[in-house]
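The values are calculated or read from the model by the stated rules, or taken from the named source; none is laboratory data. A quick note: this is a predicted structure, and the numbers were derived from the prediction, not measured. With ideal geometry, Cβ positions are generated from the backbone for all residues, glycine too; neighbour counts draw on all protein chains shown. Heads up: the accessible areas ignore ligands, DNA and RNA and are worked out on the full protein's heavy atoms, side chains in. Shrake-Rupley method; radii C 1.70, N 1.55, O 1.52, S 1.80 Å.
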Amino acid sequence: MPVSAGGGLTSPGSDARLLQAARQGLDRTGPRHGALGLAVSGGSDSLAMLHLMAETAATAGRALQVVTVDHGLRPEAAAEAGFVAGICAGLGLPHRVLVWDHGGRIEGNLMQAARRARYRLMAEWAVASGIGDIALAHTADDQAETFLMGLAREAGLDGLTGMSGSFVEGGVRFHRPFLRQTRADLRGYLARRVVAWIDDPSNDNDRFTRVWARRALGALKPLGITVDRLAAVIDHLAMAQGVVTGAVAQAGRDLVTERAGGLMFDARALWACDPEVARRLLVAMVRWIGGADHPPRAAKIAALTAGLREGRDATLGGCRFRQRAGRVSVTREMRAVQGAVPLGQIWDGRWRVAGPGGGPGGAGLEIRALGAAGLRLCPDWRATGIARPALEATPAVWQGETLIAAPCAGFGAGWRAETAPDFGSFLLSH
């Protein structure tokens, strides 16, 4: 279970840098009167963040709430969550354990599926708790490992700029206040306070690419390729990426219209853009509507672009591209939408629905796609001006087979549905 680092691993002077990072992180995380969520697993990085943020928040008068996700993948996970709960009780902080109910069957990439579940659960918890910001404990070591993994898969600029300092998912802004701090500094902070932490055995599991990247960092150290130097390289690349991101976001504002979770653009105006800007806009459309963690493969985007240039309709990543009179609409494919979730949860990776009695799980209500049958129950849907296929893939509130509300189709007074984030925010944060 818990292990301690023993003696101090770094100089006490590093504590001042860590506390400054904590203060800056606290200042960047929403209104001062609102609670900040902390994602804590029990490992050294997140436990150091917990103690640093608790120390800083006490003087700033800021409330904290702590969350731990039990992925249900290891028998020790429940005990580890209990370990974190005990520490939080000692610090006087509220703590919540969220359990991923995957039914023991996980298809595809395990780490990717676990990540998506983790962020979905945390976002739903935060929204239900009135929390707008969650801090994560990723470090400069994580950045360096991410950079090396990007090199291994021949990534372009986006894949070599590491993790962003903040991003929005499920309507919640996640922050990484310790991206410039090393794991050794965080462990040194804990060791000087004789605070134990948990070593996750997956950190030594050869099945995972990140483990190999971590070992490669050690092998590269004699060449002077260290975490600190890679951090400097990542910063330089991130500045270049910022220029590109700004150009794409401006093109999105100028060319793309968002409505009811779908997008519309003029084809000729898009092709008049710089080819890289046009490519990135198409990638962002697919990711925002389809909910993918990573961009589609370059060959698929190239094929999509060629087809659209020739005036053909196309599908990619759960998105449908339709052309009419030079205008292209991009909507969610009905066959790709998520199944039912309880009211109060994020639906299909980006939709939040609320209304009368719209609390989590209220009165057996659930969110699922409106569908063709539901659309027939919305007498005024044509007045919205939104095409039938687009509306069928929007969220609706159901109680069994009874349609309660379909906000995008104009059915159900007092109900609203919105994407989180909207497309413009997504362009700036992904």
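Table: residues versus (1) open to solvent by 30 Å² or more (accessible area, probe 1.4 Å); (2) modelled with pLDDT of 95 or more.
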site: Thr257; (1), (2): yes, yes
site: Val286; (1), (2): no, yes
site: Ile289; (1), (2): no, yes
site: Ala292; (1), (2): yes, no
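In the stretch 133-148, the residue that is farthest from Phe178 (Cα to Cα) out of those that are open to solvent by 20 Å² or more (accessible area, probe 1.4 Å) and more than 19 Å from the chain's Cα centre (by Cα) is Leu148. Does the stretch 173-188 contain at least one residue that is within 28 Å of Arg120 (Cβ to Cβ) and of a type in the set (Asp, Glu)? The answer is no; no qualifying residue exists. Here Ala231 meets the list (1) among the hydrophobic types (A, V, I, L, M, F, W, C); (2) closer than 30 Å to Phe178 by Cα; (3) open to solvent by 40 Å² or more (accessible area, probe 1.4 Å) almost entirely, failing just condition (3). For Ala137, the criteria (1) without any contact (Cβ under 8 Å) to a residue 24 or more places away in the chain; (2) under 18 Å from Trp197 (Cα atoms); (3) in a loop (DSSP other than H, G, I, E, B) hold in every case but one, which is (1).
Restricting attention to the stretch 217-250, which residues are assigned to a helix (DSSP H, G or I), of a type outside the set (D, E, K, R), closer than 26 Å to Met49 by Cβ and over 27 Å from the mean Cα position of the chain (by Cα)? Across the stretch 217-250, the qualifying residue is only Gly218. Would you confirm whether any residue within the stretch 103-113 is within 15 Å of the chain's Cα centre (by Cα), under 22 Å from Ala79 (Cα atoms) and surrounded by fewer than 22 Cβ atoms within 10 Å (Cβ to Cβ)? Yes, there is a match, as at least one residue in the stretch 103-113 is within 15 Å of the chain's Cα centre (by Cα), under 22 Å from Ala79 (Cα atoms) and surrounded by fewer than 22 Cβ atoms within 10 Å (Cβ to Cβ).
Scan the stretch 339-351 and give yes if some residue there is under 22 Å from the mean Cα position of the chain (by Cα), modelled with pLDDT of 95 or more, surrounded by 15 or more Cβ atoms within 10 Å (Cβ to Cβ) and farther than 20 Å from Ala113 by Cα, otherwise no. No. When the stretch 385-411 is filtered for residues that are part of a helix (DSSP H, G or I) and modelled with pLDDT of 95 or more, the ones remaining, listed by number, are Leu391, Glu392, Pro407, Cys408, Ala409. Listed by position, the strands (runs of 3 or more DSSP E) inside the stretch 17-104 whose residues that are β-branched (Val, Ile, Thr) and over 20 Å from Asp199 (Cβ atoms) number at least 1 are 64-70, 95-99.
Within the stretch 381-401, being closer than 20 Å to Cys319 by Cα and open to solvent by less than 10 Å² (accessible area, probe 1.4 Å) holds for Leu391, Ala393, Thr394, Pro395, Ala396. Only residues that are under 11 Å from Val67 (Cα atoms) and in contact with a Gly (Cβ under 9 Å, 6 or more places away or on another chain) were counted across the stretch 97-118, and they come to 2.
Across the stretch 167-180, the qualifying residues are those that are assigned to a strand (DSSP E or B) and out of contact with any Ser or Thr (no Cβ under 7 Å at 6 or more places or on another chain), and the one among them that is nearest to Ala292 (Cα to Cα) is Glu169.
Residue by residue, here is whether (1) surrounded by fewer than 23 Cβ atoms within 10 Å (Cβ to Cβ); (2) out of contact with any Lys or Arg (no Cβ under 7 Å at 6 or more places or on another chain); (3) closer than 16 Å to Asp133 by Cβ holds:
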| position | (1), (2), (3) |
| --- | --- |
| Gly13 | yes, yes, no |
| Gly25 | no, yes, yes |
| Ser44 | no, no, no |
| Met49 | no, yes, yes |
| Met53 | no, yes, yes |
| Ala57 | yes, yes, yes |
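Cβ separations smaller than 6 Å between residues 6+ apart or across chains give the following pairs from the stretch 35-48 residues that are within 21 Å of Trp125 (Cα to Cα) and polar (S, T, N, Q) to residues that are at pLDDT 95 or above and buried (at least 24 other Cβ atoms within 10 Å of the Cβ): Ser46/Val40; Ser46/Ala137.
Just need a number here: residues in the stretch 105-119 that are in a helix (DSSP H, G or I) and either more than 20 Å from Pro421 (Cα to Cα) or small (Gly, Ala, Ser) (or both). If you could, list the steps in order and put the result at the bottom.
Let us first name the residues in the stretch 105-119 that are in a helix (DSSP H, G or I), namely 110-119.
Subset that is either more than 20 Å from Pro421 (Cα to Cα) or small (Gly, Ala, Ser) (or both): 110-114, 117.
Count: 6.
For the stretch 119-131, state whether one or more residues are in contact with a helix residue (DSSP H, G or I) (Cβ under 9 Å, 6 or more places away or on another chain) and hydrophobic (A, V, I, L, M, F, W, C). There is at least one residue in the stretch 119-131 that is in contact with a helix residue (DSSP H, G or I) (Cβ under 9 Å, 6 or more places away or on another chain) and hydrophobic (A, V, I, L, M, F, W, C). The set of residues from the stretch 120-132 being open to solvent by 10 Å² or more (accessible area, probe 1.4 Å) and assigned to a helix (DSSP H, G or I) comprises Arg120, Leu121, Glu124, Trp125, Val127, Ala128, Ser129.
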